[in-house]
1. Yes or no: Lys104 within 20 Å of the chain's Cα centre (by Cα) and more than 22 Å from Arg27 (Cβ to Cβ)?
2. Taking the range 177-208 as the search range and keeping residues that are surrounded by 19 or more Cβ atoms within 10 Å (Cβ to Cβ) and among the aromatic types (Phe, Trp, Tyr), which one is nearest to Tyr226 (Cα to Cα)?
3. For Ser224, work out the one condition from (1) surrounded by fewer than 13 Cβ atoms within 10 Å (Cβ to Cβ); (2) among the polar types (S, T, N, Q); (3) at pLDDT 90 or above it doesn't fulfil.
4. Is there a residue in the range 169-178 that is modelled with pLDDT of 90 or more, of a type outside the set (Phe, Trp, Tyr) and more than 21 Å from Val87 (Cα to Cα)?
5. Going through Gly161, Gly141 one at a time, which residue ends up being among the small types (Gly, Ala, Ser) and modelled with pLDDT of 90 or more?
6. Which one of these does Thr78 not meet: (1) in contact with a Lys or Arg (Cβ under 8 Å, 6 or more places away or on another chain); (2) closer than 30 Å to Gly29 by Cβ?
7. Being in contact (Cβ under 8 Å) with a residue 40 or more places away in the chain, farther than 30 Å from Gly59 by Cα and either in a strand (DSSP E or B) or in contact with a helix residue (DSSP H, G or I) (Cβ under 8 Å, 6 or more places away or on another chain) (or both) is the filter here; which residues of the range 112-170 pass it?
8. Could you list, ordered by first residue, the pairs with Cβ atoms under 9 Å in which the first is in the range 197-209 and closer than 11 Å to Gly242 by Cα and touching a residue at least 24 places away in the same chain (Cβ under 8 Å) and the second is surrounded by 15 or more Cβ atoms within 10 Å (Cβ to Cβ) and of a type in the set (Lys, Arg), at least 6 apart or interchain?
Amino acid sequence: MKVLLRIVTGFLLLTIIFIQPSRAQVRIGPEAGVNFGMQSQNIKAGSSTENRNSTLKVGAIAGVNADIKILSNLYVQTGFFYVYDNVKFKNEVDFIPLSFGNPKQEINDDIHAFRIPLYIMYKSGFDGFGRFITGIGPYIGYSFIANRSISTPILIYDNNGTAVSYYNNKVNYELELGNNPLKDEMRKWDYGVNACIGYESNVGMFFRGYFNYGLQNLTPGGSSDYKLKNWGAGVTIGFNIGKDNW
C-alpha cells in the first residue's frame with residue numbers, strides 16, 4: 001500500500017504543477033464493458049515452484065469515469081468502478097493408474113470488488129475530429145465479497161477396497177476476506193498498474209481496451225511460499241458528458 005500511495009501522490013503533484021487553471025476542464029460520464037479477470041498462483045514446495053494461471057472467463061465492469069484536462073493533449077483520468085471477476089482454476093487429478101484418466105478439480109471464485117484507476121492519458125487528433133487515446137498509471141482495488149465453488153473428483157471403492165469409479169464432489173461457500181493467515185483466504189485490498197488504448201469521438205463517446213497487473217500478494221499474511229496475484233484485461237465503452245475544448 002505504501003508503494004501505491006507514493007505513486008498516486010506523485011501523479012497528483014504532477015497534475016498540480018502542470019495544470020493551467022484557465023484551461024482546466026473536468027468531464028464525467030458512465031463507462032461499462034466486459035472484464036476478463038485472471039489470477040496467477042506460485043506455490044513453492046521444497047526447491048521447486050509450481051506456477052498456475054486461471055482459465056479465461058468473462059466478467060463485467062461498470063462505473064463512472066472522470067476526464068480531467070491538463071494540456072491540449074495531456075489528460076488525467078480516474079473514476080469509481082464495480083468489477084466482477086469470474087476466476088476459475090482447473091487442476092488435473094491423476095487417476096490414470098486406475099484407468100480413470102485425468103479428471104479435473106475445478107475451483108471457481110466469483111469476486112465482487114471496487115476499483116479506482118488513475119491514468120495519465122495522451123490524446124492525439126484535432127478539434128472536430130476523433131482522437132486516439134492511450135494511458136498508463138496505478139490502480140487500487142477492494143474486494144467486498146467472494147463466493148467459491150469447488151468440484152473435486154472423489155474415488156468410489158467396492159467392498160474389496162478396489163476403486164471402481166469416481167464422482168465429482170461439489171462444495172459452495174463464501175470466502176473469508178482479510179489479512180489474518182489463521183482464518184482468512186484472500187486479502188481484500190489490491191493494487192497494481194494498468195494501461196489502456198482506444199478511441200474517442202468528437203462528441204465524447206469512447207471505447208478502449210485495458211490491461212491491469214496486480215502487485216499485491218493476495219495471500220493473507222503475505223506468504224513467500226504461496227503467492228496469488230490479480231491480472232486481467234477488458235473492453236469498455238463510455239461517454240464523457242460535456243464538450244472537450246481542445
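1. no
2. Tyr191
3. (3)
4. No, the range 169-178 contains no residue that is modelled with pLDDT of 90 or more, of a type outside the set (Phe, Trp, Tyr) and more than 21 Å from Val87 (Cα to Cα).
5. So the residue among Gly161, Gly141 that is among the small types (Gly, Ala, Ser) and modelled with pLDDT of 90 or more is Gly141.
6. Tallying (1) in contact with a Lys or Arg (Cβ under 8 Å, 6 or more places away or on another chain); (2) closer than 30 Å to Gly29 by Cβ, Thr78 fails exactly one: (1).
7. Leu155, Ala163, Ser165, Tyr166 - these are the residues of the range 112-170 that are in contact (Cβ under 8 Å) with a residue 40 or more places away in the chain, farther than 30 Å from Gly59 by Cα and either in a strand (DSSP E or B) or in contact with a helix residue (DSSP H, G or I) (Cβ under 8 Å, 6 or more places away or on another chain) (or both).
8. The qualifying pairs are Asn202/Arg131; Gly204/Arg27.
The values are calculated or read from the model by the stated rules, or taken from the named source; none is laboratory data. Because the structure is predicted, anything quoted here is derived from the model rather than measured. Please note: Cβ atoms are built from the backbone with ideal geometry, for glycine as well, and neighbour counts cover all protein chains shown.
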